[in-house]
Amino acid sequence: MANYAIALEYQNCIDCRACEVACKDENGVMLGADKQRIWVGIVEGGETLADVFLNFYPSQCNHCIDAPCVTVCPTGASHFAEGGIVKVDYDMCIICKGCMEACPYEARFVDETRHAVDKCTFCDGRIQEYGTTACSATCPTKVRTFGDLEDEDSDIVKLLKEREFFVLKENEGTLPKLFYLAPEDVEFRKRTLGEGITLHKWDEFKPKYEAAAQAKKPEWKKA
Amino acid sequence: MSEIIDLKRRSFLKGSAGVAAGVSLASTSAFALSPYEDAENAKMKKEEEIKNAKYTPTFCGMCVNMCGFIARNVNGKITKLDPNPLFTKSRNFACARGNAGIAAAYDPDRLKGPMIRVGKRGEGKFKEVTWEEAYEYIREKMVKILDEEKDNRSAIAFGAGAGAEEPLFATFKDGVGSNNFVDHFTTCFAPAFIANKLIYGSWGSADFEKSKYVLMLGANRAEAIVTPDTLDLFRKTHKRGAKVVYVDVRYTNTAAQADEFIPIKPGTDLALMLAMINHTINSGLHKTPYKSEYLSKYANGLEELEAYFTTGEGSKYTPEWASKITEIPADTIRRITEEFAEAAEKYQGAANCYRSRKSTWYFQDFEFRRAQAIFNALHGCVNRPGGVLLNRGLKAEKYEYEDFPIYDNAKPRIDLALLPKGEYPLINPGKGSWQIFRNTVLDINTKWKKGEKLPENAYPVRGMFIYRENPIQSVPGREKTEKMFDTMDLVVVIDILPNDTAMYADVILPDTVYLERTSPLKSFGTLREPMIGCRWAAAKPLYKTKPLYNIMKELSEKVEKDLAAITFKYTWDADELGVELPKDFNLAKYLTDDFEIDEEKLKADIKDEELVKAILEWAGEDNLDISTFKLSAAYEKTPEEFNEEVMEELYGKKAAEILKEYGVYWPGIEKAIEAGLIDEHLKVFKKDVPNKNVLIYELYKKYCTLPEDYCIVPKKGKFIKLSLKNIAGKKFKNPITGESETVTDLPKWRNSMFEEPKNNEVRLVIGRHGYFTQSSHPNNYLLLDLMNYNYIWINDELALELGVKFKDEVELTNRQGYKVRGKVYPTKRIRKDTIFIATGLGSQSKLFTLGYDNGVSQAQIAEDRIDPFIGASSMNETFVKIRKV
């Protein structure tokens, strides 16, 4: 059984938001909401025009292996689907917003057209046919590599073996599955990594993720 | 806090993208029988939809790049566009606008049927009519105008935006016989294009895949996306193969991902470029082995250039001199020159001082672009891998028609006709200058309406057809454009939206959205991957809309006999033919549908045998050859038939089939398809194909049968002209001092053509962002969901001084007295003497429910300033006073 994740070559991101529109087309995401299923986090620094900088962190739901949004859901609407995808069953959602509070990544929002909390689904239903999410497929500079962590031959595992990476808010302990590939350019790395970010290698990271995923798998539903 | 982050926090639009596109999600019961049934149903439904959908290759119509997509049609509606991996030019990607193409088709305010104006111009009051009524209205007006103007075909002008259909529209213009055609050229890339063309004969493109050093001067490629430039560039930054240095007046997304950002004072790029040439020459950076050989082989005028920069006018353009003007330290200028020079030598021309597309900034643009072209050539980077490639495309025919008659009474184009001989601006005779055209027409038409005597060679331009162009929202001096249309007797707008220009139309004809039509194929001479692309209709046209092809064909059929009759009447030479043509004679009555003269009918009506004989003689093959006046003959082939025929003829049946099936053809593509990489149904990479992101680049290289260096056009001899003797000595008027100046053979900095803001003014610069192609899709719900206001960028310290915070309203007044109001975005990302607005917003069309009045209209605040060398817009020569409201 697959365990889906995304690796992000975030140093390629130009904040063009093609991913956001592709996601809306593919998934019928509500327009006019404060938040989207997918976004580019922007951090601005520097004091003057000469030294100002913008860092872009393309992001979406981390589909954490130990997702607090699922644990906290009182009706079971938030659940793990096949492939370890964290989803919401809209019928079962009562919009108590507990999951929105619990999510460290602010990946969830209320979709008024669905009368439910909504979030990224890793394009479940699409990936079965295309093998990629809409956001990965459309990206101009190919920031995203979507794939199966359990497939040693997958593009994502190959990338993770090749490169150092970090995850966001690692200390929350949720085992997130968006892997940010560390740039090799030292200066740019320094500018975008910030304080307290730990870089990892896949061989060291893999056992922890594999064990946690195995433990969770009995909870994974068909959809 | 970023302006963009704020933009997400609004809810002006409720409804989902999917619903708006007509697809509802699985409707579910509130009391599902079992848990997770809803989630399961939704997933299954998506899988089923994808499996059962119809997939059609198309290319994008949202901007001029025309990237290749596969359209997914579910029950008659387009629900998704995915990039086409075989369409290698676009590197298997779709930008925000590309993805938002769906919203163009399902725009709630889309034009649904033909309309005729009932209110005042600009008021937005129209009545719905049938196509026949609309055509008849146009016919009557055209006949009246051309009859009164005695067959001066140029009395009706044509304007078009760029796109795959442009040849179909241009064919109609040629058929009517007007010399007045204006397109976006002079509000877009005229300065860069003309300068490069004069210096090395063609435009070419940037070979970023192989570039080692890239110097970008204000070309914001992260937000003004150009394929494949943008895609190739940002995968090489941060020390992954190329150093990218970006110079601009503000910190853009390009600056964010460049390796180095250098702020510059607006209007001074020419000074920077001249200093870089000066430093190159005076340090002998061009005398290295590779460059010496390159220059001796390919360049003319090196001696003049060297003399100019060592002992002539150019010798004063030192880095120190430029530093005072540009505010870039002299050491930085020297360093980037040396870095560029070193990369160019080491990698044999694989460095690129990038040419912008939209280069209509300042009065001295032409000189700046000339200097830039010289700089690229001086370092051996022209027609070299990694530099500027003068690439070539695959052979393909254009949809055009060559057998139209020549109309002797058609006068020369109006923007050129009134210029004194030998005096600049050097206007492209095919495309003209929008502002000079507009200002001339407004002036002449106003005089003509008052009955005043017109200057020699002048004539009123009384009608205009506009296809997919929105000059009221794009050409600086909005009010003048509105007034110009107001002086006309017939304004026809062919578009998909009731945009600002359509508000001034007498007749609006609704075109189809590009997803609904098949277009004439197009040869893309892109870089290393020349290819032929094709757009096939992926859905049926909605409402009463028609593809441009049908509109042009039907309109031609409607007007052709009457227009032929007018020429017949005004070319009739009684002296030569020996008989007067009766005043009420109308040849149209006697023309058959095949454009033969119905002699029987003619003889029945006209008893004078001599006159009948003369009529037949004048209409005959040796004279007018009236059969050539059948305009609709140009539209004999539908785009589908045209595409099929051209492909079969040039590349064979199999190639025609591939183009039909996959929307793209290049020699060897059949092998790529046979290799089993492409899913036959979805027409994208098969799901289990590994390394797709790399494959995008390898596909063409691996399977194409063209020689690898096909993209490098073989040039014989010295094709580069460093010194332009052919234009030296021409006169032009300094737009600031009004004095006569002389064009020199080498670029020159003129202090008298550079202005600074004074008396509490700031300079206004206009530019792009990633979400709108200028004013092309003001009402697109998917794009407005990304950005629904163009906040005025203002330096944070200046904002503090003015006492304005984010979203506070200010009034801008330019030197020509025009005012606009808009909300500000204070930021340290822009200079204190400069403010910025993004294009594409601030529409004043009341027929837009989503995009009305949402910001600053660039055309309203940009001053009507014209580049004196080539007649292009100088949009950033706008100085405004800011007042808090």
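The values are calculated or read from the model by the stated rules, or taken from the named source; none is laboratory data. Keep in mind that this is a model prediction, so the values were computed, not measured. Virtual Cβ from ideal backbone geometry, glycine too; neighbours counted across all protein chains shown.
Some points to look at:
- Of the strands (runs of 3 or more DSSP E) that lie entirely inside segment B:455-551, those containing 2 or more residues that are buried (at least 24 other Cβ atoms within 10 Å of the Cβ) span B:463-467, B:490-495, B:507-510, B:531-533.
- Odd one out for B:A222 among (1) more than 10 Å from every other protein chain (Cβ to nearest Cβ); (2) out of contact with any strand residue (DSSP E or B) (no Cβ under 8 Å at 6 or more places or on another chain): (1)
- Filtered residues of segment B:652-688 (kept if assigned to a helix (DSSP H, G or I) and free of Cβ contacts under 8 Å to residues at least 60 places away in the same chain): B:K653, B:K654, B:A655, B:A656, B:E657, B:I658, B:E670, B:K671, B:E674
- Only residues that are aromatic (F, W, Y) and over 21 Å from B:L217 (Cβ atoms) were counted in segment B:281-335, giving 4.
- Applying the criterion of at least 2 residues that are hydroxyl-bearing (S, T, Y) and within 13 Å of chain A (Cβ to nearest Cβ) to the helices (runs of 4 or more DSSP H) found wholly in segment B:31-123 leaves an empty list.
- Residue tally, condition more than 30 Å from B:L378 (Cβ to Cβ), of a type outside the set (A, V, I, L, M), in contact (Cβ under 8 Å) with a residue 12 or more places away in the chain and not in a loop (DSSP other than H, G, I, E, B), over segment B:737-762: 1
- Qualifying positions in segment A:104-121 - more than 11 Å from chain B (Cβ to nearest Cβ), surrounded by 19 or more Cβ atoms within 10 Å (Cβ to Cβ) and in a loop (DSSP other than H, G, I, E, B): A:Y105, A:A107, A:R108, A:K119, A:C120
- Segment A:24-63 - residue that is of a type in the set (K, R) and buried (at least 23 other Cβ atoms within 10 Å of the Cβ) and, of those, nearest to A:E187 (Cα to Cα): A:R37
- Candidate set from segment B:29-52 (those that are in contact with a strand residue (DSSP E or B) (Cβ under 9 Å, 6 or more places away or on another chain) and surrounded by fewer than 18 Cβ atoms within 10 Å (Cβ to Cβ)); member that is modelled with the highest pLDDT: B:N52
- Residue check for B:G98: within 26 Å of A:V143 (Cβ to Cβ), buried (at least 23 other Cβ atoms within 10 Å of the Cβ) and touching a Cys at 6+ places or on another chain (Cβ under 6 Å): yes
- Where helices (runs of 4 or more DSSP H) fall wholly inside segment B:572-645, the ranges with 3 or more residues that are modelled with pLDDT of 95 or more and closer than 25 Å to B:V176 by Cα are B:609-619.
- Screening segment A:1-23 for residues that are more than 13 Å from A:T133 (Cβ to Cβ) and facing another protein chain (nearest Cβ under 7 Å) and picking the one that is surrounded by the most Cβ atoms within 10 Å (Cβ to Cβ) gives A:V21.
- Contacts under 7 angstrom Cβ, first residue in segment B:617-642 being among the polar types (S, T, N, Q), partner part of a helix (DSSP H, G or I), 6 or more apart: B:N623/B:E617; B:S632/B:K553; B:S632/B:S556; B:S632/B:E557; B:S632/B:E560; B:T638/B:Y549
- Residues of segment B:589-604 satisfying the condition of being closer than 18 Å to B:E560 by Cβ and either surrounded by 16 or more Cβ atoms within 10 Å (Cβ to Cβ) or touching a His at 6+ places or on another chain (Cβ under 7 Å) (or both): B:Y590, B:L591, B:F595, B:I597
- Within segment B:235-254, residues that are facing chain A (nearest Cβ under 7 Å) and free of Cβ contacts under 8 Å to residues at least 24 places away in the same chain sit with their Cβ atoms under 6 Å from residues that are of a type in the set (A, V, I, L, M, F, W, C) and not in a loop (DSSP other than H, G, I, E, B), at 6+ positions apart or across chains, in these pairs: B:H238/A:F188.
- Annotation: B:N693 fulfils all but one of (1) within 14 Å of chain A (Cβ to nearest Cβ); (2) in a loop (DSSP other than H, G, I, E, B); (3) surrounded by 15 or more Cβ atoms within 10 Å (Cβ to Cβ); the unmet one is (2).
- For B:N623, the conditions (1) surrounded by fewer than 17 Cβ atoms within 10 Å (Cβ to Cβ); (2) touching a Pro at 6+ places or on another chain (Cβ under 9 Å); (3) not aliphatic (A, V, I, L, M) all hold with the exception of (2).
- Test for B:G463: is it in contact (Cβ under 8 Å) with a residue 60 or more places away in the chain and on the phi > 0 side of the Ramachandran plot: no
- B:D6, sole failed condition from (1) assigned to a loop (DSSP other than H, G, I, E, B); (2) more than 7 Å from every other protein chain (Cβ to nearest Cβ); (3) at pLDDT below 95: (1)
- Residues within segment B:824-864 that are farther than 23 Å from B:D248 by Cβ, surrounded by fewer than 24 Cβ atoms within 10 Å (Cβ to Cβ) and not hydroxyl-bearing (S, T, Y), tallied: 9
- Residues that are hydroxyl-bearing (S, T, Y) and over 11 Å from B:Y354 (Cβ atoms) within segment B:189-229 comprise B:Y200, B:S202, B:T227, listed in sequence order.
- Of the helices (runs of 4 or more DSSP H) lying entirely inside segment A:137-223, those containing at least 3 residues that are out of contact with any strand residue (DSSP E or B) (no Cβ under 6 Å at 6 or more places or on another chain) and under 30 Å from B:Y36 (Cα atoms) are A:202-216.
- On inspection, B:A26 does not qualify as at pLDDT below 50, assigned to a loop (DSSP other than H, G, I, E, B) and within 7 Å of chain A (Cβ to nearest Cβ).
- Number of the condition not met by B:E529 [criteria: (1) at pLDDT 95 or above; (2) over 25 Å from B:G113 (Cα atoms)]: (1)
- Of the residues making up segment A:203-223, those that are of a type in the set (D, E) and either more than 14 Å from chain B (Cβ to nearest Cβ) or surrounded by 14 or more Cβ atoms within 10 Å (Cβ to Cβ) (or both) are A:D203, A:E204, A:E210.
- Here B:I669 clears all of (1) of a type in the set (A, V, I, L, M, F, W, C); (2) within 14 Å of chain A (Cβ to nearest Cβ); (3) surrounded by 17 or more Cβ atoms within 10 Å (Cβ to Cβ) except the condition numbered (2).
- For segment A:123-134, the count of residues that are more than 9 Å from chain B (Cβ to nearest Cβ) and on the phi > 0 side of the Ramachandran plot is zero.
Per-residue answers, yes or no, for (1) under 31 Å from the mean Cα position of the chain (by Cα); (2) surrounded by fewer than 19 Cβ atoms within 10 Å (Cβ to Cβ); (3) not hydrophobic (A, V, I, L, M, F, W, C):
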{"site": "B:N726", "(1), (2), (3)": "yes, yes, yes"}
{"site": "B:K730", "(1), (2), (3)": "yes, yes, yes"}
{"site": "B:E756", "(1), (2), (3)": "yes, yes, yes"}
{"site": "B:Y771", "(1), (2), (3)": "yes, no, yes"}
{"site": "B:N779", "(1), (2), (3)": "yes, no, yes"}
{"site": "B:Y789", "(1), (2), (3)": "yes, no, yes"}
{"site": "B:G803", "(1), (2), (3)": "no, yes, yes"}
{"site": "B:D808", "(1), (2), (3)": "no, yes, yes"}
{"site": "B:G822", "(1), (2), (3)": "yes, no, yes"}
